[in-house]
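What follows is calculated from the coordinates using simple rules that are stated; it is not laboratory data. Here the structure is a predicted model, which is why all the values come from computation and not from measurement. Don't worry about glycine lacking a Cβ; one is built from the backbone with ideal geometry, like all the others, and counts go over all protein chains shown.
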Amino acid sequence: MSAASDVRPSGATGEIERYTFRERVMHWFTGITYLYCLATGLAFYSPHLYWLASVLGGGATSRFWHPILGVVFLMGTLWMNNFWHRDMEMTETDRRWLDRVEHYMANRDDLLPSQERFNAGQKLFYWLMLYGALLLLLTGFFLWVPEYIPRQAAWVRPLAVLLHEIAALATIGGFIIHIYMGVFFVPGSMTAITTGWVSRAWARTHHRLWYLRVTGSPPPQE
Ligand code: HEM
């Protein structure tokens with residue numbers, strides 16, 4: 001199910017609803033579970049970061065909850081997929097947008113093709129987190145219960161460790177960019193994901209096609 005049809009302009013305030021309450025709960029549920037897995041995972045990765053496990057209740061507690069919260073994180077991403085997968089499909093416009101991404105970095109949205117509800121960068125992040133979560137769980141399973149790996153297949157464990165770390169690093173790279181974009185680069189985004197609402201100017205600037213669709217205006221000739 002796509003939530004695109006749930007968004008609506010508010011006649012009273014002139015603002016536009018970008019994220020419904022359910023979408024925001026879903027986002028923060030997923031975000032918090034990811035942060036827990038990230039902190040405990042980093043603690044297992046390096047002795048210099050072990051203090052993170054101490055802060056979170058100790059090594060044994062972190063080892064117990066890390067895989068469980070990993071499953072919950074994957075459930076969060078699948079929940080997101082249920083709501084957003086149609087909004088996240090890559091289009092020809094997205095490919096043109098990616099070709100000119102340097103204008104986005106220079107904050108010149110006016111030089112880019114108009115975007116629907118999510119831009120190509122947001123879509124790439126979304127797919128990275130979804131497939132990253134799947135790979136993390138698949139590889140993490142062998143680290144969770146290594147005693148079930150038969151002796152003849154002992155090579156599975158180091159391979160699982162390597163792939164688990166690669167998947168983790170890929171999601172961390174995407175996550176750092178996500179935080180930077182959401183918190184610092186695009187003012188108004190944090191308000192969107194916390195209150196659900198954005199101004200018309202914000203919607204028109206960053207997601208013109210979406211703005212025109214939810215306000216019922218005719219699409220532009222590009
Ligand atoms: C915990 C710290 C996090 C913060 C501060 C944060 C911040 C934000 C913000 C500000 C937005 C709104 C962007 C917009 O509408 O233009 C957003 C949307 C979104 N967030 Fe997060 N987020 C966090 C964690 C995560 C995690 C762990 C995921 C992993 C699945 C995630 C996935 C998404 C997705 C798919 C969207 C919609 C598209 C996009 O903006 O990328 N977020 N987030």
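Residue by residue, the range 29-43 carries 3J(HN,Hα) couplings of 4, 5, x, 5, 5, 5, 4, 4, 5, 4, 5, 5, x, 5, 5 Hz when phi is fed to the Karplus relation 6.51 cos²θ - 1.76 cosθ + 1.60 (θ = phi - 60°); x denotes Gly or Pro.
Result for the chain in a Gaussian network model with C-alpha springs under 10 Å: among Tyr148, Tyr36, Tyr104, the largest mean-square fluctuation is at Tyr148.
Here Thr195 and Thr215 are evaluated by their C-beta separation; at R0 = 30 Å the FRET efficiency comes out at 0.95. Ranked by the mean number of other Cβ atoms within 10 Å of their residues, highest first, the peptides 152-160, 22-30 fall in the order 22-30, 152-160. In percent, rounded to a whole number, the relative contact order of the chain is 27, using alpha-carbon pairs under 8 Å and six or more apart. If I build a Gaussian network model for the chain, linking alpha-carbon pairs within less than 10 angstrom, which residue out of Arg108, Arg208, Arg117 has the largest mean-square fluctuation? In this elastic network of the chain, the residue with the biggest mean-square fluctuation among Arg108, Arg208, Arg117 is Arg108. When the chain is treated as a GNM, springs tying every alpha-carbon pair under 10 Å, which of Leu124, Leu56, Leu209 comes out with the largest mean-square fluctuation? Maximum fluctuation in the GNM of the chain, among the listed residues, is at Leu56.
Magnitude of the charge dipole for the range 19-215, about its Cα centre and with charges confined to Cβ atoms of Lys, Arg (+1) and Asp, Glu (-1), is about 260 debye.
To the nearest 10 degrees, how steeply does helix 59-84 sit against the main Cα axis of the chain, on a 0 to 90 scale? For 59-84 against the chain, the angle is about 30 degrees. For the chain, the longest principal axis of the C-alpha atoms and the axis of helix 120-144 are separated by about 20°. Scaled to the globular estimate 2.2 N^0.38 Å, the Cα spread of the range 19-215, given as radius of gyration, is 1.17.
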